[in-house]
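Notes follow the structure.
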Amino acid sequence: MICLRYWSSCGVIAAAIFMVGCLSGKEDLYNETKIIMGTVVQITVAHHSEEQARAGIRAAMSELQRVDDLLSVSKPGSLVTKINREGSSGKIPVGAEVFSLLRDTVAMSSASDGAFDATIWPVAELWDFDKGGMVPKPTLIASKLPLVGYQNILFDDSAMSVGFARQGMGLDLGAIAKGWAVDRAMEKLKSLGIRNAIIDAGGDLRIIGARPGKDFWKIGVQHPREPGALLTTFSLRDTAIVTSGDYERFFIAEGIRYHHILEPATGQPARGCRSVTVVAATAEEADACATAAFVLGPQKGLAFLRARPGLQGLIVDDRGALHWTDEAFERMAGR
Ligand code: ADP
Ligand code: MG
């Protein structure tokens, strides 16, 4: 089997969106980069005090690390790993914040007719994208598909605990946790008096305020087929923008591109889109909606995004054609 792997070990090339901007005005820009959640996290703060800016960045980085330690599906000590190990035998107390996140994932699953489904883990595990990826045997995928189904997550509201209705089920919050973590980290920055900042976790961005001397931050969206090139740019403030694409984690075997966004109904990489970019009030919503729309495909995905209030999106289909949720969003794009 001819198998070409296109991989960026630290996600630098994979970053779906990156900033284009520079210094100006009275405040200075402070920027730090770290690898967290298996991706490149870049935090930029505009502030008159370097000490305050760096303290904010440190606190935000720690928050991202905390969430990764809590929700990673591959860390043996994480809460998600515990749920996956023990959740079929009884309900696991998860605390208010994770309980609420898991409720959000189920809401996203029903809103997207199951296109978004965090119980994808038994199938996602077979593809092994963390180690470069491999095509699993069809019989193996078929044997795991009955374990995929968000309806089989059991919730106990009074104990704030969760479990599974079927033995062998597992959670993978990879399509929502990064956005959720970015929102939490931005709350940390705000609580420390930061008013102008960007947190970028490998293409999941939350933005507050503006760049010094401007009333917006300029954000570039990665072209899904030209590494390092921009598809378009947006001038944004106080919002979140997230891109999901088939170019972030993928390999090519016998001429077919296999990537990490899976169709829960078949267990195969979702076809029809190259990338989906979503602008929403929170990075959590933008992250989950970008994945959901990607799985739904260009037509249904666009209808899904349009039905959600306050949300705008851009889908690049498998031929490279661009589909916008609305003309106002298209006009915002600086191509
Ligand atoms: P990225 O994290 O690379 O930005 P996404 O947000 O689209 O991309 O999330 C993809 C990840 O989500 C996969 O690596 C996998 O862990 C998980 N996943 C894959 N397919 C689905 C799906 N249909 N619903 C929910 N999660 C998914
Ligand atoms: Mg996502």
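The values are calculated or read from the model by the stated rules, or taken from the named source; none is laboratory data. As the structure is a computational prediction, the values presented were derived from the model and not from experiment. Positions of Cβ are generated from backbone atoms using ideal geometry, with glycine treated the same way; all protein chains shown enter the neighbour counts. Just the protein is used for accessible areas: all its heavy atoms, side chains included, with ligands, DNA and RNA removed. Shrake-Rupley method; radii C 1.70, N 1.55, O 1.52, S 1.80 Å.
Between G87, V41, G77, whose Cα lies farthest towards the positive end of the dipole of the range 28-93 when Lys and Arg beta carbons carry +1 and Asp and Glu beta carbons carry -1, centred on the Cα centre?
Positive-most Cα among the choices belongs to G87.
Please compute the net charge surrounding Q167, taking Lys and Arg as +1 and Asp and Glu as -1 over other residues with Cβ under 15 Å from its Cβ.
Charge balance in the 15 Å sphere: +3.
Can you divide the C-alpha Rg of the range 79-174 by 2.2 N^0.38 Å and report the result to two decimal places?
Working: Rg = 13.4 Å, N = 96, 2.2 N^0.38 = 12.5 Å.
Expressed relative to 2.2 N^0.38 Å, the Cα Rg reads 1.08.
What dipole magnitude, in Debye to the nearest 20, does the range 79-174 give about its Cα centre under +1 on Lys/Arg Cβ and -1 on Asp/Glu Cβ?
Numbers: 8 positive and 11 negative charges, 67 e Å.
Rounded to the nearest 20 debye, it is 320 debye.
Compute, for the chain, the length of the dipole vector about the Cα centre, with Cβ point charges of +1 (Lys, Arg) and -1 (Asp, Glu) only. Units Debye, rounded to 20.
Using only the charged Cβ atoms, the result is roughly 300 debye.
When only Cα pairs under 8 Å and 6 or more residues apart are kept, what is the percent relative contact order across the range 79-174?
46 percent
Just want the answer: with Cβ charges of +1 for Lys and Arg and -1 for Asp and Glu, which residue in A288, Q299, I315 is farthest toward the dipole's positive end in the range 269-332?
Comparing the listed Cα positions along the dipole, Q299 ranks first.
As a test question: what accessible area, to the nearest 10 Å², does F164 have when a 1.4 Å probe is rolled over all protein chains in place?
Rounded to the nearest 10, that gives 10 Å².
How much accessible surface does R58 have with a 1.4 Å probe, in Å² rounded to 10?
Here the accessible area works out near 150 Å².
Work out which helices of the chain, taken as complete DSSP H runs, extend at least 18 Å along their axis over the Cα atoms and score a mean Kyte-Doolittle of 0.5 or more, then list them. It would help to have the intermediate numbers written out before the result.
Numbers: long enough: 50-71 (31 Å, -0.45); 95-111 (24 Å, 0.65); 177-191 (21 Å, -0.67); 283-296 (19 Å, 0.92).
The answer, listed by residue number, is 95-111, 283-296.
Given the protein chains as shown and a 1.4 Å probe, how many square angstrom of M332 are accessible, to the nearest 10?
70 Å²
Setting aside same-chain residues fewer than 8 positions from K75, which lysines have a Cα under 17 Å from its Cα?
Straight-line reach from K75, under 17 Å: K131, K178.
Cα-based Rg of the chain per 2.2 N^0.38 Å, rounded to two decimals? Don't skip to the answer; put the middle values down first.
Values: Rg = 19.4 Å, N = 335, 2.2 N^0.38 = 20.0 Å.
The value comes to 0.97.
Given the options D238, D117, D287, state which has the largest fluctuation in a GNM of the chain using a 10 Å cut-off (strictly under) for Cα springs.
Highest fluctuation among the options: D238.
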